[in-house]
Amino acid sequence: MFRFLTAGESHGQCLTAIVEGIPAGLPINVESMNLDMARRQKGYGRGGRMKIETDKVEILSGVRFGETMGDPITLKVANKDWENWTDRMSVSGEPFGTAVTAARPGHADLIGTQKYDRKDIRDILERASARETAARVAVGGLAKQLLKACGIEILSHVVNIGSITVDYKNIDPLARLQAASELNCADAAAEKKMKEVIEKAKAAGDTLGGVFEVIVTGAPIGLGSHIQWDRRLDARLTGALMSIQAIKGVEIGAGFAYADIPGSKAHDEMFFDEQKHVYRKTNRAGGIEGGMSNGEDIVVRAVMKPIPTLMTPLHSVDIHSKDEVLACKERSDVCAVSAASVVGEAMTAFVLAEALLEKFGGDTLGDLKAAIAHYEDRISGE
């Protein structure tokens, strides 16, 4: 079983994750993991916190001499801003600092304080913060390296911010250079317009959301299952992406566009090539049919709502005084869709790695790859 748990608060000492189920014998490149950590922090429209933190992953257990040993892996991401919060976020002593009592609409603030019986919203917002995703990206870095060792690659790109949408006819996201775009966008013309609407939102004290797309190449046929609802690959992927803070909708392949087309144009017709291998000329299914990967690229899109922390606060309530007030202001981003796309890669990588290990097993990387090779030989008829 491949699984992970994260722990830590936004302004606490650190974020941690424990990852279990990575086979022994997988070479681990920490620098590759840190590249993704840096990508999560970049992006036009990010806030002041990104100028403070320079996230790095520290591996505390499970890896020896650069190779996994089969036991749980412990990851740590230190919070540099902790030095400014040692009194307010102390694990012992008396409460320090002014309690946060003005809830933010669209955040976990109000419901969290009611559910967990807290008198200070900070007890909720610290864990609900998207800062937690730094630990997920670290976990995703491990999953990506396992997948890459098995011939599977994952990338993402932003396709919409503030109603500015990329022109798919002019881009090939599989061929783009991620480092060339501040917004992780493969359409330079659209990116320029996206930056303009971000600047307008910033000037107005507002925020913007958008849509990102994650693409998986090289996934073998048959990951997931049609047998039970919770084993369907599409259900697992959409659930994982919906778990990311501020994500409010997920679609696979043509997704909601299916509502606008007839069945004759909705499905991917199948053909045989000269070797009698099945191929498709379209990929409206997004690489998943019947809850299982079909060998085509897996394509998943997610929409991120505008961040609920606004510099021009919305109308809200005070949980102590019971007065109507303006919501509290925490340090925030104007737009973080590009960062969310990196987190989307991480969660997609986790689900794919989980499905891969579920199907093929193996306590070692060699056993896993041998099982995949045997299966693919059978599928191809060789």
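Provide a single number: the residues in the range 54-72 that are assigned to a loop (DSSP other than H, G, I, E, B) and in contact with a Lys or Arg (Cβ under 6 Å, 6 or more places away or on another chain). Final tally of qualifying residues: 0. Might you let me know whether the range 257-270 holds any residue that is out of contact with any helix residue (DSSP H, G or I) (no Cβ under 6 Å at 6 or more places or on another chain), of a type in the set (Lys, Arg) and in contact (Cβ under 8 Å) with a residue 12 or more places away in the chain? No, there is no match, as no residue in the range 257-270 is out of contact with any helix residue (DSSP H, G or I) (no Cβ under 6 Å at 6 or more places or on another chain), of a type in the set (Lys, Arg) and in contact (Cβ under 8 Å) with a residue 12 or more places away in the chain.
Residue check: is residue 145 of a type outside the set (Phe, Trp, Tyr), closer than 29 Å to residue 63 by Cα and at pLDDT below 85? Working first, answer last.
Working: of a type outside the set (Phe, Trp, Tyr): yes; closer than 29 Å to residue 63 by Cα: yes; at pLDDT below 85: no.
The answer is no for residue 145.
For the range 236-295, filtering for residues that are farther than 30 Å from residue 124 by Cβ and polar (S, T, N, Q) leaves 6.
The set of residues in the range 96-146 being buried (at least 23 other Cβ atoms within 10 Å of the Cβ), under 21 Å from the mean Cα position of the chain (by Cα) and not in a helix (DSSP H, G or I) consists of 107 alone. Among the numbered conditions (1) in contact with a His (Cβ under 9 Å, 6 or more places away or on another chain); (2) closer than 16 Å to residue 214 by Cα, the only one that residue 131 does not meet is (2). Reported count of residues in the range 63-95, each being among the hydrophobic types (A, V, I, L, M, F, W, C) and under 25 Å from the mean Cα position of the chain (by Cα), is 6.
Taking the range 155-172 as the search range and keeping residues that are closer than 16 Å to residue 215 by Cα and free of Cβ contacts under 8 Å to residues at least 24 places away in the same chain, which one is surrounded by the most Cβ atoms within 10 Å (Cβ to Cβ)? The residue in question is 171.
The test for being touching a Lys or Arg at 6+ places or on another chain (Cβ under 9 Å) and farther than 24 Å from residue 133 by Cα does not hold for residue 379.
The range 200-302 holds strands (runs of 3 or more DSSP E) entirely within its bounds, and those carrying 1 or more residues that are more than 18 Å from residue 160 (Cβ to Cβ) and more than 15 Å from the chain's Cα centre (by Cα) map to 210-217, 270-272, 278-280. Under the condition of being farther than 30 Å from residue 4 by Cβ, among the aliphatic types (A, V, I, L, M) and surrounded by 15 or more Cβ atoms within 10 Å (Cβ to Cβ), the residues counted in the range 240-288 number 2. Summed over the range 354-382, the residues that are in a helix (DSSP H, G or I), over 26 Å from the mean Cα position of the chain (by Cα) and more than 30 Å from residue 274 (Cα to Cα) give a count of 2. The condition of being free of Cβ contacts under 8 Å to residues at least 60 places away in the same chain and either over 30 Å from residue 121 (Cβ atoms) or touching a Lys or Arg at 6+ places or on another chain (Cβ under 6 Å) (or both) holds for residue 361. Within the bounds of the range 81-91, is there any residue that is touching a helix residue (DSSP H, G or I) at 6+ places or on another chain (Cβ under 9 Å), modelled with pLDDT under 95 and within 30 Å of residue 185 (Cβ to Cβ)? Yes.
Looking only at the range 221-235, residues that are surrounded by fewer than 20 Cβ atoms within 10 Å (Cβ to Cβ) and in contact (Cβ under 8 Å) with a residue 40 or more places away in the chain come to 7 in all. Checking each residue in the range 73-90 for being under 28 Å from residue 142 (Cβ atoms) and part of a loop (DSSP other than H, G, I, E, B) picks out 79, 89. What do you reckon, is residue 75 within 30 Å of residue 360 (Cα to Cα), touching a helix residue (DSSP H, G or I) at 6+ places or on another chain (Cβ under 8 Å), touching a residue at least 40 places away in the same chain (Cβ under 8 Å) and among the aliphatic types (A, V, I, L, M)? Yes: the conditions hold for residue 75.
The set of residues in the range 289-310 being of a type in the set (A, V, I, L, M), over 24 Å from residue 152 (Cβ atoms) and buried (at least 21 other Cβ atoms within 10 Å of the Cβ) consists of 304, 307, 310. All conditions but one from (1) on the phi > 0 side of the Ramachandran plot; (2) in contact with a helix residue (DSSP H, G or I) (Cβ under 7 Å, 6 or more places away or on another chain) apply to residue 19; the one that does not is (1).
Within the range 303-314, the set of residues being assigned to a loop (DSSP other than H, G, I, E, B) and of a type in the set (A, V, I, L, M) comprises 307, 310, 311, 314.
The values are calculated or read from the model by the stated rules, or taken from the named source; none is laboratory data. This one's a predicted model, so the numbers in the text were calculated from it and none came from an experiment. So basically every Cβ, Gly included, is an ideal-geometry build from the backbone, and we count neighbours across all protein chains shown.
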